1. Cα centroid distance between the stretch 162-181 and the stretch 315-345, in Å?
2. Of all beta bridges DSSP finds with both residues in the chain, what is the antiparallel percent, to the nearest 5?
3. Using each residue's phi in the stretch 229-239, evaluate 6.51 cos²θ - 1.76 cosθ + 1.60 at θ = phi - 60° and report the 3J(HN,Hα) Karplus result to the nearest Hz, with x for Gly and Pro.
4. What translational D, rounded to a whole number of µm²/s, comes out for the stretch 11-102 from Stokes-Einstein when the hydrodynamic radius is the Kirkwood one over Cα pairs, at 4 °C and 1.567 mPa s?
5. Go ahead and set up a Gaussian network model of the chain, Cα springs under 10 Å, then flag whichever of Leu105, Leu46, Leu160 fluctuates most.
6. If you average 1/r across every pair of different Cα atoms in the chain and take the reciprocal, what Kirkwood value do you get, in Å?
7. I'd like the orientation of helix 77-97 relative to the chain: the angle between its Cα long axis and the longest Cα principal axis, in ° from 0 to 90, rounded to 10.
8. Show the residues, 5+ positions off or on another chain, whose built amide H is closer than 5 Å to the amide H of Tyr145.
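Only the coordinates and a few stated rules stand behind these numbers; no lab work does. These numbers were taken from a predicted model, which means no experiment stands behind them. We place every Cβ from the backbone using ideal geometry, glycine too, and count neighbours over all the protein chains shown.
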Amino acid sequence: MFKPRYRITEKLLANIKRIAALVADFNSKRFPNTVVMALAKEARELSTFASTSIEGNPLPLTEVKRVLKNRPENLRDTEREVINYNRALEELDGLIRRGKAPLNLKLILRIQETVTKGLIAKSRCGRLRKEPVFVNDPRTGKTIYWPPDQKDVKDFMDNLIDYTNKKSGSVDPLILAGIFHRQFVIIHPFMDGNGRTARLVTKVLLASMGLNTFNLFSFENYYNRNVTKYFEKVGVFNNYYDIKDRIDFTAWLEYFTDGIIDELLRVGKELGESRVSPETAIRAHERRIMKHIREHGYITDRDYAAVTDRAKATRNKDFNRLIALGLIEKKGKGKATYYRLKQSP
């Protein structure tokens, strides 16, 4: 049975109280939908860049944004990794908003399969490892950690999930999310995708604490600013079976909650500074598009032409702008093209 060791230090308690206050402040406010949609898009880009960068992806943020915007057909592995992580973020956001993201092994396997699809052997996607793994120091190439044997992985994951779910009413969700994150990394349940999967599942756990700004949140960014420190805090060294009884989560939980505060302050600053600008405001003719869709379920170019005198090329720009803002999506092709409200993944 999994029984993590940790202490509620003054620093950890202060961090938890501050996070609770920041979350309450967020959830008490309302922001223009166009502003929230724009910031959500930026957060996905930042999370995708940061989390893949932590794992060694060399693409800069500008290139990550280009890949996500253009979705090239012939993907390099670095680009596929970016596309996969962003897809996982979108899928999880939709599941969370629909209340369909319970913590279980099925969800975890689904996330790992999404982030590794097309990057590793299909037999290792969405499946717990059946082989031993080793963690090497990237600077020296020497092995610094031997995770649990593959025969123990399933039991260890079941114990971790069971502990997290059973303690959800008695242990602060921030502590649970932090413990889950680190223990997941310690178990190293997959041949590849462990870090990305751990960070994505942690997002799910944090969303369950009532953080309505989940889709604006990118704590991966905090870790990526000092990757060495992140690995030092989240990781352990030597053979798991030699150190398992000495593993203490206290220092990690302090660092983990520091990162959440840092990210909440970043999001709060951006929301506080946001205004409905010419770039995000919905214009009169665009409101006609939105009104028609709400009344009829969809709109075609012919429908739009009937209520506006804007030229065809300009009408296309109007549709594309609303698509870019994440408010509508394009369906069909050619003369059968129509537009509807953006659906949740």
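1. 40 Å
2. Here the antiparallel bridges make up roughly 70 percent for the chain.
3. Here the 3J(HN,Hα) series is 5, 4, 5, 5, 7, 7, x, 10, 10, 6, 7 Hz.
4. The diffusion coefficient I find is 84 µm²/s.
5. Result: Leu105 has the largest fluctuation of those listed.
6. With all distinct Cα pairs of the chain included, I get 21.9 Å.
7. Tilt of helix 77-97: around 80 degrees.
8. Result for Tyr145 returns Val135, Asn238.
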